[in-house]
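Laboratory data are not the source of any read-out in this text; all were calculated from the coordinates shown. Computed from a prediction, not measured in an experiment: that's the story for all the values here. Methodologically, a virtual Cβ is constructed for each residue, glycine included, from the backbone with ideal geometry; neighbour enumeration extends over all protein chains shown.
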C-alpha cells in the first residue's frame, strides 16, 4: 500500500523523519496556504502525534546555550565551519558533530538546541566575513537536518 502524498510531496513517513522545528515550519506553511490541500497537510501533521509546536528558544543563561557558545568560541569550531563551507556544505555540517561530541544527548534531545546552534553558526560566519548563499540538507549523521551554506562576502 502506498503512503498518501500530500501537497509539496510530503508523506507521513517523510514527516516522521523531521525534527520538531522542521515540522513546525511545514505545518505553519501549510496553514498559511489557506487551501484545502494545505489544511489537509496541517491536519495530517497534527494527527501524527509528533511534536510540531515551535520550540521555545534557549535563554541566554541556559546551561546548554552557554556550553554551545563555548564550543563556538573555539578555534576548532571556526576551522570546522570553514572546512565544511569549502567542501560545499553548510557550515553547520562542521559544527554539529562538535556540539554532539561535547554535549551528547542534551544537544540531541532539546528541540531548541539545533535552531540555537544555527543562529550561533550564522553569527560566527557573518563575523568571519561570509554571506548567506542558500540552504542545503545536512549529512544524515547531523542532529540538525538542514543549514545555510555560505560564501565569501
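Describe numerically, in nm with one decimal, the distance between label points set 7 Å from Cα along Cα→Cβ at residue 67 and at residue 108.
Going from the residue 67 label point to the residue 108 one covers 1.3 nm.
Which three extents, in whole angstrom, do the alpha-carbon atoms of region 109-153 cover along their principal axes, largest first?
Sorted from largest, the Cα extents of region 109-153 read 34, 17, 13 Å.
Simple spin-label model, 7 Å along Cα-to-Cβ: residue 31 to residue 145 in nm?
1.7
Compute a Gaussian network model of the chain, connecting alpha carbons closer than 10 Å, and tell me which residue from 114, 77, 32 fluctuates the most.
Between 114, 77, 32, it is 32 that shows the largest mean-square fluctuation.
Counting alpha carbon pairs within less than 8 Å and at least 6 residues apart, what relative contact order, in whole percent, applies to the chain? Don't jump to the answer; show the numbers that get you there.
On the way: 210 pairs, mean separation 29.9, N = 153.
20 percent.
Kindly put 66, 45, 95 in sequence by how many other C-beta atoms sit within 10 Å of each C-beta, fewest to most. Don't skip to the answer; put the middle values down first.
Numbers: 66 12, 45 22, 95 28.
Lowest to highest Cβ neighbour count: 66, 45, 95.
If you project the alpha carbons of region 31-153 onto the principal axes, what extent comes out on each, in Å, largest first?
Principal axes ranked by extent give 49, 32, 25 Å for the Cα atoms.
Which ordering of 150, 10, 27 is given by a fewest-first count of other beta-carbon atoms within 10 Å?
Lowest count first: 10, 27, 150.
Three principal axis extents, largest first, for the C-alpha atoms of region 7-48, in Å?
25, 17, 17
In whole angstrom, note down how far apart the Cα centers of region 57-117 and region 13-45 are.
27
Which whole-number percent is the relative contact order of region 63-152 (Cα, under 8 Å, 6+ apart)?
Values: 130 pairs, mean separation 28.9, N = 90.
Result for region 63-152 is 32 percent.
Per DSSP helix of 4 or more residues, -39500 (n - 2.57); summed, then divided by the residues of the chain. What does that give at 222 nm, rounded to the nearest 500? Present the calculation step by step, with values, prior to reporting the outcome.
Numbers: 8 runs with 85 residues, N = 153.
So the helix-based figure for the chain works out to -16500 deg cm²/dmol.
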